[in-house]
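Working notes, structure below.
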Amino acid sequence: MASLKRDKGLDNTLKVMKQGYLYTTNQRNRLNTTVFETKALGGKPFAVVTGKEGAEMFYNNDIVQREGMLPKRIVNTLFGKGAIHTIDGKKHVDRKALFMSLMTEGNLNYVRELTRTLWQANTQRMESMDEVNIYRESIVLLTKVGTRWAGVQAPPEQIERIATDMDIMIDSFKGLGGVFKGYKESKAARRRVEDWLEDQILETRKGNIHPPEGTALYEFAHWEDYLGNPMDSRNCAIDLMNTFRPLIAINRFVSFGLLAMHDNPVSREKIKSEPDYAYKFAQEVRRYYPFVPFLPGKAKTDIDFQGVTIPAGHGLAIDVYGTLHDESLWEDPNEFRPERFEGWDGSPFDLIPQGGGDYWTNHRCAGEWITVIIMEETMKYFAEKVTYDVPEQDLTVDLNSIPGYVKSGFVIKNVQEVVDRR
């Protein structure tokens, strides 16, 4: 077995931050290898893998551990202490079943209807605005979708505050576990949202509020683990948030989606005329644009992978963005082409913008189906239900910056409802 090629340096975290989503691709090209070692997050060694084979290895629970590998600062701001993202084994499978129990046909249909209805109801507001920043507008609207879907009580006067706090938490990923300017602000935002949700968990358990059965609030408040114990109220609030926080993060995909329609005008017409095109378009947005850059793990045992040995205890990282742009998986990966999903086999190891592997046993986002549904309905709304102008602005997407954004947020103006008055 050959030894791992290395990106030299005692700690390459700053280099990762500087090169962003392109760091792993740059190093593979420079070292002429498909797997390499780097040191980051305090000088810890990581073997960086990519592609379908890399994902299949990384999401093999028998040989790879995820527990304890997320940077503490990201846990403190984005996921929450004790969140499902931070555990493995039987405990993870048990709690993941709770998340998956929410993915009923009725709940999925409800989030589709909510998305469609709330965008339509938002039309008049956008018509009255001089300009609409889609990044900002969608995070507020998706907060309404997420909280109503989850069954939590979110008074209208608090929606802006909740949306802002959620955005601050999601944006904290840019720190990659290191010191960053907004760390205290992110922790404070998380504390406010956790307090709000824990209060609703406790009030539900006391019988003072009555969320509908089947909602996230009801199911989490009444859930017992495999030992018959209810979840600690704070931990319950944290994972309740994790049922709808990913929905709010979809605002990144929404602004990317409108950018894609702007750059590819024919796609707008296809969304209107082809029944399944919105689905293919949503999947291509998730594949093409930068979202999660990479995810960490640790080898439980010695792993032989593509001619090299990764020793037990060694850090691992799956290159998510690189896998989504792997030429061996995707023809012309740097072209935006929704049609590529016409014959897609649904593999859990190539389209991994929100994690890979099995939903029930792996750390794949339980809300991925909801992401696609929200994107489908949102893209249909902007293609079919309204017209708008796109003024001059900075529409660049900087791949050297984590997390990825449309620089301007994607601003539109002169929004008008499409009305058939024939």
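Projecting label points 7 angstrom from Cα along Cα→Cβ for GLU331 and LYS72 puts them 5.0 nm apart. Each residue of segment 163-171 is assigned a 3J(HN,Hα), and the resulting list reads 4, 4, 4, 4, 5, 4, 5, 4, 5 Hz, derived from the Karplus form 6.51 cos²θ - 1.76 cosθ + 1.60 (θ = phi - 60°), x at Gly and Pro.
Treating r as the C-beta distance of GLN120 and ASP394 and R0 as 41 Å, the FRET efficiency rounds to 0.90.
Between the amide H of PHE36 and those of VAL48, distances stay under 5 Å, these residues lying 5 or more places away or on another chain, with hydrogens modeled in the peptide plane. Residues whose amide H falls under 5 Å from that of LEU295, counting only those 5 or more places apart or on a different chain, are ILE318, VAL320, with hydrogens built in the peptide plane.
From the cross-link list LYS298/LYS407; LYS144/LYS187; LYS52/LYS272, which pairs have alpha carbons spaced over 26 Å apart?
Check vs 26 Å cut-off fails for LYS298/LYS407; LYS52/LYS272.
Computed over segment 326-381, the Cα gyration tensor eigenvalues convert (square root of 5λ each) into semi-axes of 20, 18, 9 Å, ordered from largest to smallest.
For segment 163-306, the relative contact order is 18 percent, taking Cα pairs closer than 8 Å that sit 6 or more residues apart in sequence and dividing their mean separation by the residue count. In order along segment 278-289, the Karplus-derived 3J(HN,Hα) couplings, from 6.51 cos²θ - 1.76 cosθ + 1.60 at θ = phi - 60°, round to 4, 5, 5, 4, 4, 5, 5, 4, 5, 6, 7, 8 Hz, and Gly and Pro are given as x. Secondary-structure-derived ellipticity at 222 nm for the chain, considering helices only, amounts to -14000 deg cm²/dmol, per-run term -39500 (n - 2.57) for DSSP H runs with n ≥ 4. For segment 5-417, the Kirkwood hydrodynamic radius comes to 22.0 Å, computed from all pairs of different C-alpha atoms.
Ranking LEU98, SER328, LEU78 by Cα position along the charge dipole of the chain, where only Lys, Arg, Asp and Glu carry charges on their C-beta atoms, puts LEU78 farthest toward the positive end.
Under 5 Å between amide hydrogens, built in the peptide plane, is the criterion, and for LYS300 it picks out VAL64, GLN65, GLY313 among residues at least 5 positions away or on other chains. Legend: calculated FRET efficiency, LYS90 to ASP199, from the Cβ-Cβ distance at R0 = 41 Å, rounded to 0.05, equals 0.85. Taking only the C-alpha atoms of segment 11-119, Rg followed by Dmax gives 18.5, 51 Å. For the listed peptides 376-385, 119-128, a ranking on the average number of other beta carbons within 10 Å per residue, highest first, reads 376-385, 119-128. For segment 5-417, the dipole from Cβ point charges (+1 on Lys and Arg, -1 on Asp and Glu) about the Cα centre works out to 1480 debye, to the nearest 20. In percent, rounded to a whole number, the relative contact order of segment 5-417 is 26, using alpha-carbon pairs under 8 Å and six or more apart.
Counting only residues at least eight positions apart within a chain, or on another chain, the aspartates and glutamates with an alpha carbon under 12 Å from that of LYS8 are GLU37. Here the Karplus relation 6.51 cos²θ - 1.76 cosθ + 1.60, evaluated at θ = phi - 60°, turns the backbone of segment 196-205 into coupling constants of 4, 6, 4, 4, 6, 4, 5, 5, 5, 5 Hz, with x for every Gly and Pro. A straight Cα-to-Cα reach below 16 Å connects LYS81 with the aspartates and glutamates GLU67, GLU194, ASP195, GLU198, ASP232, ASP239, residues fewer than 8 places away in its own chain not being considered. List the residues of segment 327-361 whose backbone N lies under 16 Å from a point placed 7 Å from the Cα of ALA97 along the Cα-to-Cβ direction. Within reach of a label on ALA97: 359-361. Simple rule: put +1 on each Lys or Arg Cβ and -1 on each Asp or Glu Cβ in the chain, find the dipole, and look at GLY228, TYR23, THR204; the Cα lying farthest toward the positive end is TYR23. On full extension, the segment bounded by ALA312 and GLU339 gains 5.6 nm, given 0.36 nm per residue less the C-alpha separation. As a calculated quantity, the FRET efficiency between ASP232 and GLN158 at R0 = 30 Å, using C-beta atoms, amounts to about 0.75.
Each value in this text was obtained by applying a stated rule to the coordinates, not by laboratory testing. This structure is a prediction, so every number in the text was calculated from the model and none was measured. Please note: Cβ atoms are built from the backbone with ideal geometry, for glycine as well, and neighbour counts cover all protein chains shown.
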